[in-house]
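Visitor: I have a structure I would like to understand better, so I am pasting it below and will then ask my questions one at a time.
The values are calculated or read from the model by the stated rules, or taken from the named source; none is laboratory data. Values in this document were obtained by computation on a predicted structure and should not be read as measured data. Because the Cβ atoms are built from the backbone with ideal geometry, glycine has one as well, and the counts that use them run over all protein chains shown. Accessible surface is based on the protein model in full, side chains and every heavy atom, while ligands, DNA and RNA are left aside. Shrake-Rupley method; radii C 1.70, N 1.55, O 1.52, S 1.80 Å.
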Amino acid sequence: MKNILIAIASLLVYSVSAQFNIQGQIQNYENQSMKIKTYQDGILTYLDRINTDKKGNFSYHIKENYTGLVVLELLDKNYQLVANNANIYFETNYKDAKNQLNFRDAANLSYQKYLDVEDKKELARNNLKPLKNYYLENTEFSKALEKEIKRIQNLEYPADLPEDLNYFIETKNYLSTVGLAQKLPSEWLSEINLHLQNDGQELENFGFLPQFVVSYISLSMAGAQSKADADEKIKTNLNSLVDAIGADTSRGQSILAIAIPLLRGNGFDLVADDLNQKAESLTCQLNSALANAIKAPIKVGEKAPNIVFSEKKRGKKSLYEIKAKKKMVIFWGSWCPHCRNEIPFIKDFYENFKKQGGEIVSFALDSAKEDYLPLVQGADFITDSDLLKWDSPVARDYGVNATPTIFLLDENNQVVKIGTRVSEFVQF
């Protein structure tokens, strides 16, 4: 009996912990980092950062039940994988311009076969057919083209695709036609509304939710005679949609989380403010996407969040441990032209700032030390990075969404001023 109980307990532990592994080999990408991301609440979300070994091999364990897209972010390219709770394995070459992945698992092999057929059919539609029009019908080349076009048109898609993969392909194809076919905007809005109300979790996990929301907002503006008219149309349609789904549901919250920053970034602040108030009035627990979307940026007079360094800097583990009359926290990236131009001015500024009892902590939103360290070589101020770029929780805690962004703090870590150039801080 004891052995049976142990076996059952072991089986239960295994069933809870064993979901699936993602493994592969990426030639010419040895000893390099990659980020693992999945869609959580419809938002592409950072899970972890891992490194390949000296042969380009890697392995990562997904602990939770998940059917959807997994995105591997490398230094300057991404790989997209279809997950359905089964192990995934692929091989590729980082230098391959076509980004061809050679899979071994059933789901991705099926999807790859589908893409191969679709690519050929697209080639026939967009290239071979127009090319054929340049030649007389009875020429040998024209006949050969016609034969090849018919061959491609008769190619069959893989049969018996898994249900989730069918949903992914059909929804992807549907979204590519939104707004193009001969339908009224109101008809498109009704169809999208039905998808958002009735589709399952795959809609979020395959990354379709942001695309649906963008299309819904765009179509909502149809026929607007003015900016105020567009504001009202978007506001009415979005509120109607969110109310129908339920603002307190995970999907309703995610729609708000996508729409609020999107609208604010495109000049629809009044609509964004209205949706923000709707979100703030919710009494339920907010999902992480909405909580981050409505989080107020740090203001002057507030205490700045602590920054725990990746390693000790001058014997200090964090920003709070640095004792200085004034502290300056600078968010920047090696990929940012304005930041690169600002670095020489920061170096010059630091000389007087240090004499006045100040200290600078520059935080690089980069993916590799090799990218940012050469730019601050010879600088005496502190530089650190978690190598997560825009997935950095430090940037999120500070509400940073553009670079460079500079925070001036007093000795108690209270924010004194926020700016974008060190020249703005000369008088402080």
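Visitor: Taking Lys347 as the anchor, which aspartates and glutamates have their alpha carbon closer than 16 Å to its alpha carbon, excluding any fewer than eight residues away along the same chain?
Guide: Straight-distance partners of Lys347: Glu359, Asp380, Asp384, Glu424.
Visitor: Lys95 to Ala291: FRET efficiency via 1/(1 + (r/R0)^6), r the Cβ-Cβ distance, R0 41 Å, to the nearest 0.05?
Guide: 0.50
Visitor: Of the options Asn138, Leu109, Thr177, report the single residue whose Cα projects farthest towards the positive end of the charge dipole of the stretch 82-236 (beta-carbon charges: Lys, Arg +1; Asp, Glu -1).
Guide: Asn138
Visitor: What are the ³J(HN,Hα) values, in whole Hz, obtained from phi via the Karplus relation 6.51 cos²θ - 1.76 cosθ + 1.60 with θ = phi - 60°, for each residue of the stretch 192-204 in sequence order, with x given for Gly and Pro?
Guide: Karplus values, whole Hz, x for Gly and Pro: 5, 4, 5, 4, 5, 8, 10, 5, x, 4, 4, 4, 6.
Visitor: Provide the per-residue ³J(HN,Hα) series for the stretch 261-268, in order, calculated from phi with Karplus coefficients 6.51, -1.76, 1.60 and θ = phi - 60°, each as a whole number of Hz, with x at glycine and proline positions.
Guide: x, 4, 5, 5, x, 10, x, 9
Visitor: Let me ask something else. Kirkwood Rh over alpha-carbon pairs of the chain, then Stokes-Einstein at 4 °C and 1.567 mPa s: what D in µm² s⁻¹, rounded to an integer?
Guide: Answer, rounded: 51 µm²/s.
Visitor: If you average the C-alpha positions of the stretch 101-173 and of the stretch 185-204 separately, how far apart do those two centres end up, in angstrom?
Guide: Each part reduced to its Cα centre gives a spacing of 28 Å.
Visitor: Continuing with this model, one more query. Which far-off residues, 5 or more places away or on another chain, put their amide H under 5 Å from the one on Lys326, with H placed in the peptide plane?
Guide: The answer is Gly358, Glu359.
Visitor: Related question: In a GNM of the chain with a 10 Å cut-off on Cα contacts, which of Ser362, Ser254, Ser186 has the highest mean-square fluctuation?
Guide: Ser186
Visitor: Could you please state, rounded to a whole Å, how far the C-alpha centre of the stretch 34-75 is from the C-alpha centre of the stretch 327-387?
Guide: So the separation of the two Cα centres works out to 29 Å.
Visitor: With r defined as the distance between the Cβ atoms of Glu191 and Glu122 and R0 fixed at 22 Å, what FRET efficiency is calculated, to the nearest 0.05?
Guide: Approximately 0.35, to the nearest 0.05.
Visitor: Further question on the same structure: In terms of modelled amide H atoms, which long-range or inter-chain residues lie less than 5 Å from the amide H of Asp105?
Guide: Tyr89
Visitor: Calculate the spin-label point distance for Glu424 paired with Lys299, positioning each point 7 Å from the Cα along the beta-carbon direction, and give it in nanometres.
Guide: 1.7 nm
Visitor: What length, rounded to one decimal in nm, is gained on full extension from Ser281 through to Ser142, with 0.36 nm per residue of separation minus their alpha-carbon distance?
Guide: 43.4 nm
Visitor: At a Förster distance of 30 Å, what's the computed FRET efficiency of Asn412 paired with Arg314, Cβ-Cβ distance as r, to 0.05?
Guide: Step by step, r from the Cβ atoms, then E = 0.90.
Visitor: Mind giving me the nanometre distance, one decimal, between the label points for Asn78 and Ala244, set 7 Å out from Cα along Cα→Cβ?
Guide: Here the modelled spin labels are 2.9 nm apart.
Visitor: Among rounded, prolate and oblate, which fits the stretch 248-365 when a ≥ b ≥ c are the square roots of the eigenvalues of its C-alpha gyration tensor, a/c under 1.5 means rounded, and a/b larger than b/c means prolate?
Guide: Cα axes put the stretch 248-365 in the prolate bin.
Visitor: Moving on. Check the straight Cα-Cα distances from Lys278 and name the lysines below 23 Å, setting aside those fewer than 8 residues away within the same chain.
Guide: The reachable lysines, counting only those whose Cα sits under 23 Å from Lys278, are Lys227, Lys233, Lys235, Lys295, Lys299.
Visitor: Additional query: Based on Cβ point charges of +1 for Lys and Arg and -1 for Asp and Glu, what charge dipole magnitude is obtained for the stretch 167-249 about its Cα centre, in debye rounded to the nearest 20?
Guide: Roughly 300 debye for the stretch 167-249.
Visitor: Between Arg314, Arg49, Arg251, find the one with the highest GNM mean-square fluctuation for the chain; connect C-alpha pairs within less than 10 Å.
Guide: Ranking Arg314, Arg49, Arg251 by mean-square fluctuation puts Arg314 first.
Visitor: For the chain, give the percent of accessible area contributed by carbon and sulfur heavy atoms, probe 1.4 Å, rounded to a whole number.
Guide: 50 percent
Visitor: Related question: Which of rounded, prolate, oblate describes the stretch 65-118, given a ≥ b ≥ c as roots of the alpha-carbon gyration tensor eigenvalues and a/c under 1.5 marking rounded, otherwise prolate only if a/b is larger than b/c?
Guide: In terms of gyration-tensor shape, oblate.
Visitor: Describe numerically, in nm with one decimal, the distance between label points set 7 Å from Cα along Cα→Cβ at Thr45 and at Ala224.
Guide: Result: 3.1 nm between the two label points.
Visitor: Further, regarding this structure: Quick one: grab the alpha carbon gyration tensor of the stretch 289-428, order the square roots of its eigenvalues as a ≥ b ≥ c, and give me rounded if a/c is under 1.5, else prolate or oblate depending on whether a/b is larger than b/c.
Guide: Rounded is the answer for the stretch 289-428, as its axis ratio a/c remains below 1.5.
Visitor: Here's another thing I want to ask about it. At 0.36 nm per residue, and after removing the present C-alpha to C-alpha distance, how many nm does the segment from Val214 to Ala181 gain when stretched out fully?
Guide: Taking 0.36 nm per residue and subtracting the Cα distance, the gain is 10.1 nm.
Visitor: Here is a further query. Pairs of Cα atoms under 8 Å, at least six residues apart: use those to get the relative contact order of the chain, whole percent.
Guide: After rounding, I find 11 percent.
Visitor: Also: Could you please state, rounded to a whole Å, how far the C-alpha centre of the stretch 394-411 is from the C-alpha centre of the stretch 258-297?
Guide: The two parts, judged by their Cα centres, are 20 Å apart.
Visitor: Continuing with this model, one more query. Please give the per residue accessible area of the chain, computed with a probe of 1.4 Å over protein heavy atoms only, in Å².
Guide: Value for the chain: 54 Å² per residue.
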